[in-house]
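Below: one structure, written as C-alpha cells.
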C-alpha cells in the first residue's frame with residue numbers, strides 16, 4: 001500500500017466492515033462505564049453525507065458536546081451490503097438513506113433511531129444544527145430532523 005493510500009485510509013471515518021461487531025461491543029462497554037449515551041452511526045466512506053456528518057461531529061462546539069455526552073461508533077455498511085444484520089438487530093432501517101444513527105442509554109436501552117432519514121441530508125446541516133439535534137437526543141430523547 002502506498003503512503004498516499006495509507007493517508008487516505010486513515011482519513012476514512014468508517015473502519016473496515018469486518019471490525020463492526022467488535023467496535024460496537026467496545027463502544028457499548030465505554031458507554032456503560034462512562035454513563036454516556038451510545039451513538040451508532042451507519043454509513044460508508046463513499047457517502048458525501050456520511051462524511052459531512054462525521055466532519056460536523058468533529059467541529060467545535062459539536063465536538064465538545066459529543067465528547068461530554070456520547071460514545072460514538074461508526075459502522076461501515078460497505079456498498080449497502082455490509083453489516084446490515086447489525087443495523088437490523090439495532091432496529092435501524094437504511095431505506096431512507098445514510099447516514100443513519102441509533103442512540104442508546106448507558107444501560108443499553110434504546111433512546112431513538114433516525115429511521116425517517118433525519119440525518120441523510122447531512123451536507124445541508126451546519127454544525128449548530130447538528131449540535132441542536134444532539135442536544136434534543138441527549139436531553140429530551142427526541143429524534144427529529146435538524147433545523
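The values are calculated or read from the model by the stated rules, or taken from the named source; none is laboratory data. Computed from a predicted structure; not experimentally measured. Positions of Cβ are backbone-derived with ideal geometry, glycine not excepted, and every protein chain shown enters the neighbour counts.
Residue 133 passes all but one of (1) modelled with pLDDT of 95 or more; (2) in a loop (DSSP other than H, G, I, E, B); which number fails? Answer for residue 133: the failing condition is (2). The strands (runs of 3 or more DSSP E) found wholly in region 49-122 and carrying at least 1 residues that are without any contact (Cβ under 8 Å) to a residue 24 or more places away in the chain, surrounded by fewer than 16 Cβ atoms within 10 Å (Cβ to Cβ) and touching a strand residue (DSSP E or B) at 6+ places or on another chain (Cβ under 8 Å) occupy 110-113. Residue-level analysis places residue 138 outside the set of residues that are farther than 20 Å from residue 11 by Cα, part of a strand (DSSP E or B) and touching a residue at least 40 places away in the same chain (Cβ under 8 Å).
State whether the residues of region 29-44 include one that is closer than 19 Å to residue 78 by Cα, in a loop (DSSP other than H, G, I, E, B) and at pLDDT 95 or above. There is at least one residue in region 29-44 that is closer than 19 Å to residue 78 by Cα, in a loop (DSSP other than H, G, I, E, B) and at pLDDT 95 or above.
Residue 128 satisfies every condition listed in (1) without any contact (Cβ under 8 Å) to a residue 12 or more places away in the chain; (2) part of a strand (DSSP E or B) except (2).
Being at pLDDT below 95 and either buried (at least 16 other Cβ atoms within 10 Å of the Cβ) or part of a helix (DSSP H, G or I) (or both) is a description that applies to residue 146.
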